[in-house]
Amino acid sequence: MVKKSVAFAKRNRKKLLFYCAVLALPILQFCVFYIGVNLNSVLLAFRRYDFGTGGFVWAGFDNLEQACRDLIELDMFRSSTKNSIIVFLFTQLFGISFALIFSYFIYKKMTGSGFFKVILFMPQIVSSVVMVIIYKYFVERAYSAVVEMLTGNTAEGLLASPDTRFGTILFFTIWAGFGTQVLMYTSAMGGISESVVDAARIDGASPLREFWNITIPGVWSTLVTFVTVGVAHIFTNQMNLYSFYGTQADYDLYTFGYFLYKSVQETKSMTNYPYIASFGLIFTVIAVPLTFAVKWLFERFGPKTD
Amino acid sequence: MRRKEKGISVFFIVVFAVLVLYALSMLLLLFWGVNTSLKTQNDFRKNVLGLPSGAPWNWAWDNYVYILRYFYVPVKREIDGITTPVNVGILEQVFNTLMYAGIGSLIATLVPCIVSYMAAKFDFRFGKILVATVIVTLVIPIIGSQPSEIQLLRSLSLYDSFLGAWVLKFNFLGMYFLVFYGTFRGVSKEYAEAAYIDGASELTVMLRVMIPLVKVTLMTVICIKFIEFWNDYQVPLLYLPSHPTLAYGVFSLSTSSIQGMNTVPMRMVACVIVVIPVLVLFVVFRDRLMGNVSMGGIKE
């Protein structure tokens, strides 16, 4: 008995040793590159680069004050706010709605569903920069050529005209963004009980009614996940602007995501990092409660699967 | 397996029509891109929409040879403490892509796989903390931490190096941790117990018994990650500025003014060259890549 418990304790000790040895590096990486980086990011927002010492020194709330002032006063940030909200609403409203409808079509194995699944997934396979380059020249050159051919008049490209370029880029963002969502929703729809679907069909429910009353509640948790995670996209969605324009996009097209990436990309020294980090901190402070509020709202007022 | 819907309703007809339009727009765009890549610049100026002029064997196939031979990305590298301009050719771009996407995808898949195995199959409370940490970091958005990340990489002398890029990929956070966790939870403990009775060590059980049991999920995630990293140009642009990958090269070409390269057909050629390998990968592993990824693993 004693021999057995000693063997058991020895095995447990070996197990613990193995457990610690395997997890040591991933945990160290997490501590340094997640906790450390994010804590440093917060600290950076309260510092400034000192040319005298070549290091960062305490700057109090100067960066945050400057960032808040710029957010309110500068045209660039006013258009960033407007564009980021528009992109968020359109991608959530149209992106998710169409992705759900397309997924339902595929889940029901309607004619051509396999082919459409591949086509919808294509933008995930082809690099976004490749899609953007082809799209960019298509809406500039091919569109103008088609209009000229049809009307005989020369036409400006859709990206060249200030009236159409935002809509053209927004359309691309939604158009190329179905792939992952369709896979996830189709997968979630596959988990809906067949007996519930059959019962609805026997009761004479139309496909639209089945979609609304059975399928949507059935995939609600997946949908909430997408919407919840998507809230942060208000501040991170670049609307592919970097692929379209590099660092040269006009201010009226800016989104917060583009501003953040472009700023880090353009900064060749560390002097500008505290200013950028202060925006990161402000956006995080807004995004965290907003994410939880959206999650709560969807769970509170969404359909109950039972 | 769900049976195919028999009845046809107006709803499905409308959705079908929308999907046909979507498919046509996608195929038309890709066809136009490939078609343009086979034109000379003069031909493209005169004929934006049509097929390339002349017989197929007279199309501008040379564009491909030209790009493969002469396409380069101008970067700046620190050589002996001096910032020196360097032109990175396509072969080095391929090498950089394989280093970044090939090794990066292995690291980014194996780390969450192994950590999720530890969380799912060992009865330590720390496993629950790991799962909770992953979920919390997925839900809580942290924005704009790149400056801090770059500062840290610079201070560790890891900035602009593959080692630095791999260290960044060496994390277990993200959705695929939950995918592996669900898969390992579904695997019976009896396999491991049988191996323990045979005297196998913990490492042997993990590497030779448990991980092979989830190899389908593992291979799928490696493929997904490989395609993701192959296509990614923004992370290399930020963290590996002097080691351009192919996607980075295509982005660079799209804004380049290098004589002979700054034409629409040449840019399309570069696009096609970058896309071909991932399209081949997609065709080979199509069913796996588009399998139903779920938090409970990947359904067959």
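The values are calculated or read from the model by the stated rules, or taken from the named source; none is laboratory data. Note that the structure is predicted; figures quoted are calculated from it, not measured. Note that each Cβ is placed from the backbone with ideal geometry, even for glycine, and that neighbours are counted across all protein chains shown.
What helices (runs of 4 or more DSSP H) lie completely within the stretch A:1-91 and have 3 or more residues being more than 34 Å from the chain's Cα centre (by Cα) and not assigned by TED's automatic domain parsing to the domain that holds A:LEU290? Full working, then the answer.
Details: elements: A:2-30, A:37-44, A:62-73, A:75-90.
Helices (runs of 4 or more DSSP H) meeting the threshold: A:2-30.
From the residues in the stretch B:225-247 that are among the charged types (D, E, K, R) and part of a helix (DSSP H, G or I), which one is farthest from the chain's Cα centre (by Cα)? Give the derivation first.
Looking only at the stretch B:225-247, we keep the residues that are among the charged types (D, E, K, R), and these are B:225, B:228, B:232.
Pick out the ones that are also part of a helix (DSSP H, G or I) and you get B:225, B:228.
On the way: B:LYS225: 5, B:GLU228: 2 Å.
In this case the residue turns out to be B:LYS225.
Among the residues making up the stretch B:219-233, those that are crowded, with 19+ Cβ neighbours inside 10 Å and within 11 Å of chain A (Cβ to nearest Cβ) are B:CYS223, B:ILE224, B:ILE227, B:PHE229, B:TRP230, B:ASN231, B:ASP232, B:TYR233.
Every residue, every condition in (1) more than 9 Å from chain B (Cβ to nearest Cβ); (2) part of a loop (DSSP other than H, G, I, E, B); (3) of a type outside the set (A, V, I, L, M, F, W, C), yes or no:
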position	(1), (2), (3)
A:THR271	yes, no, yes
A:PRO274	no, no, yes
A:GLY280	no, no, yes
A:VAL285	yes, no, no
A:PRO289	yes, no, yes
A:PHE292	no, no, no
A:LEU297	yes, no, no
A:ARG300	yes, no, yes
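Screening A:LYS262 against (1) more than 21 Å from A:TYR107 (Cα to Cα); (2) more than 10 Å from chain B (Cβ to nearest Cβ); (3) touching a residue at least 24 places away in the same chain (Cβ under 8 Å) leaves a single unmet condition, (3). For the stretch B:254-288, give me the residue count where each residue is assigned to a loop (DSSP other than H, G, I, E, B) and facing another protein chain (nearest Cβ under 10 Å). Total satisfying the criteria: 1. Restricting attention to the stretch A:7-50 and to residues that are farther than 16 Å from B:MET118 by Cα and of a type in the set (Ser, Thr, Tyr), the residue that is nearest to the other protein chains (Cβ to nearest Cβ) turns out to be A:SER41. You will find that of B:VAL216, B:VAL179, B:VAL167, B:VAL205, the residue that is over 30 Å from A:LEU260 (Cα atoms), at the interface with another protein chain (Cβ under 10 Å from one of its Cβ atoms) and among the hydrophobic types (A, V, I, L, M, F, W, C) is B:VAL205 and no other.
Of the listed requirements (1) surrounded by fewer than 17 Cβ atoms within 10 Å (Cβ to Cβ); (2) of a type in the set (Phe, Trp, Tyr); (3) touching a Leu at 6+ places or on another chain (Cβ under 6 Å), B:TYR159 misses just one: (1). Would you confirm whether any residue within the stretch A:228-235 is more than 10 Å from every other protein chain (Cβ to nearest Cβ) and among the hydrophobic types (A, V, I, L, M, F, W, C)? No, the stretch A:228-235 has no match at all.
Screening the candidates A:VAL146, A:VAL129 for the property of being facing another protein chain (nearest Cβ under 8 Å) and buried (at least 23 other Cβ atoms within 10 Å of the Cβ) yields one hit, A:VAL129.
For the stretch A:263-285, does any single residue satisfy the condition of being of a type in the set (Lys, Arg), in the same structural domain as A:GLY190 (by TED's automatic domain parsing) and at pLDDT 90 or above?
Of the stretch A:263-285, the ones of a type in the set (Lys, Arg) are A:268.
Then keep just the ones that are in the same structural domain as A:GLY190 (by TED's automatic domain parsing); that gives A:268.
Now drop any that are not at pLDDT 90 or above, which leaves none.
No - not one qualifying residue is present in the stretch A:263-285.
When A:GLN124 is tested against (1) buried (at least 20 other Cβ atoms within 10 Å of the Cβ); (2) within 7 Å of another protein chain (Cβ to nearest Cβ); (3) in contact with a Gly (Cβ under 7 Å, 6 or more places away or on another chain), just one condition goes unmet, and that condition is (2). Taken over the stretch B:109-136, residues that are facing chain A (nearest Cβ under 7 Å) and not in a loop (DSSP other than H, G, I, E, B) amount to 4. Go through (1) assigned to a helix (DSSP H, G or I); (2) not hydrophobic (A, V, I, L, M, F, W, C); (3) not assigned by TED's automatic domain parsing to the domain that holds B:PHE229 for B:SER105 and report which single condition fails. Failed condition: (3).
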